[in-house]
């Protein structure tokens, strides 16, 4: 398959390439590329936004190029300060290895991880644990203080009068040198990592290597709000979400980002996406119907067509035809008098009582089709089955013995 076809396939996902001409030359050379994928195992959590990088790399794997999954088991002890106003918590080796295992499990939903010809695992402690002080100081001499503090988050800290610890300032040097040790031809990263990977290009030149191509990918806003997908905000669709949760979450996507999500997170042809956009603008298509198409396409990409069809039918049955889902979680309890908040907690212990009280006040809790509006209500549950709905997407069958 031609280099042009590969570049066309990934173009809808790519934001910037340093440089495109270098990448074209590499592809036309016929060389099997080494693609660096570095992770600091500080939080083994990947969402659809992270997966854009993975899908780009998967496309290269399909052409026989190798992704080197670089576990930053040395640099994770420092932690990249990107986007943070405070120093990160130092991780133990055990925490790092546990996170690395979870990372590999999650990326396996996209990358080919069982073929050593296209996937390899490395750890940067291989070279940093044995590096002597003289070699490290020599490495530091290849850059300058002014260059390091030109990184955006460092400039922001200086502006705000916040400390920058020396180990944080040195982090880009360590990440950059990783590229030298892997002799990487390319790396695919978020725009927040561009500074570090450009440092890698600089070091590779110093060591007589061909500088790696640095590719950044497109970033979209989360399900709601103005921020990108974030675990702390909750506006994300995780790779390890169930097919049902993926479908349900996407149905809550803000209308103004449906088209961007289609372009970046699905394989829907761009011509078809353009047609959907025109129909929504003209009022010929309801945004809800467009979101169903989007949710189906995302679930299909990760779980297959059969599962996507099933989730679409389940959603339409539940929310359009008002059919109580047959796969609702079953909660068995003994006949008793019980407060509504306590019952809700038995159904989902991961949700706080205060959150359940908030949902009751919002009239978002129904028992057997009737809204529960009193958070202090005591229920008399006799033998039988009760249907409990919490919010828009949580359903429980209460079996009372």
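The values are calculated or read from the model by the stated rules, or taken from the named source; none is laboratory data. Every value quoted in this text rests on a predicted model; they were computed, and no experiment measured them. Because the Cβ atoms are built from the backbone with ideal geometry, glycine has one as well, and the counts that use them run over all protein chains shown.
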Residue that is nearest to residue 201 (Cα to Cα), among those in the range 1-39 that are in a loop (DSSP other than H, G, I, E, B) and over 19 Å from the mean Cα position of the chain (by Cα): 19
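Residues of the range 387-399 being surrounded by fewer than 16 Cβ atoms within 10 Å (Cβ to Cβ) and closer than 21 Å to residue 333 by Cα, which ones?
Just the residues of the range 387-399 that are surrounded by fewer than 16 Cβ atoms within 10 Å (Cβ to Cβ), to begin with: 387, 391-392, 399.
Residues satisfying the conditions are 387, 399.
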Checklist (1) surrounded by 13 or more Cβ atoms within 10 Å (Cβ to Cβ); (2) touching a residue at least 12 places away in the same chain (Cβ under 8 Å) applied to residue 136, failing item: (2)
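Every residue, every condition in (1) surrounded by 13 or more Cβ atoms within 10 Å (Cβ to Cβ); (2) within 21 Å of residue 237 (Cβ to Cβ); (3) free of Cβ contacts under 8 Å to residues at least 24 places away in the same chain, yes or no:
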residue	(1), (2), (3)
297	yes, yes, no
302	yes, yes, no
315	yes, yes, no
340	yes, no, no
348	yes, yes, no
365	yes, no, no
385	no, no, yes
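For every residue, the table says whether it meets (1) buried (at least 21 other Cβ atoms within 10 Å of the Cβ); (2) out of contact with any helix residue (DSSP H, G or I) (no Cβ under 6 Å at 6 or more places or on another chain); (3) in a strand (DSSP E or B); (4) at pLDDT 95 or above.
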site: 196; (1), (2), (3), (4): yes, no, no, no
site: 231; (1), (2), (3), (4): no, yes, no, no
site: 236; (1), (2), (3), (4): yes, yes, no, no
site: 262; (1), (2), (3), (4): yes, no, no, yes
site: 271; (1), (2), (3), (4): no, yes, no, yes
site: 275; (1), (2), (3), (4): no, yes, no, yes
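Here's the yes/no breakdown for (1) surrounded by 14 or more Cβ atoms within 10 Å (Cβ to Cβ); (2) modelled with pLDDT of 80 or more:
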{"position": "69", "(1), (2)": "yes, yes"}
{"position": "74", "(1), (2)": "yes, yes"}
{"position": "83", "(1), (2)": "no, no"}
{"position": "87", "(1), (2)": "yes, no"}
{"position": "92", "(1), (2)": "no, no"}
{"position": "95", "(1), (2)": "yes, yes"}
{"position": "99", "(1), (2)": "yes, yes"}
{"position": "109", "(1), (2)": "yes, yes"}
{"position": "112", "(1), (2)": "yes, yes"}
Residue count, the range 179-195 (criterion: more than 23 Å from the chain's Cα centre (by Cα) and in contact (Cβ under 8 Å) with a residue 60 or more places away in the chain): 5
Search result, residues across the range 244-256 that are in a helix (DSSP H, G or I) and either over 13 Å from residue 303 (Cβ atoms) or under 15 Å from the mean Cα position of the chain (by Cα) (or both): 245, 246, 248, 249, 250, 255, 256
Residue in the range 199-207 that is surrounded by fewer than 18 Cβ atoms within 10 Å (Cβ to Cβ) and touching a strand residue (DSSP E or B) at 6+ places or on another chain (Cβ under 9 Å) present: no
Residue within the range 284-292 that is outside any helix (DSSP H, G or I) and buried (at least 16 other Cβ atoms within 10 Å of the Cβ) present: yes
Conditions (1) assigned to a helix (DSSP H, G or I); (2) touching a residue at least 40 places away in the same chain (Cβ under 8 Å); (3) under 21 Å from the mean Cα position of the chain (by Cα); number of the one not met by residue 203: (3)
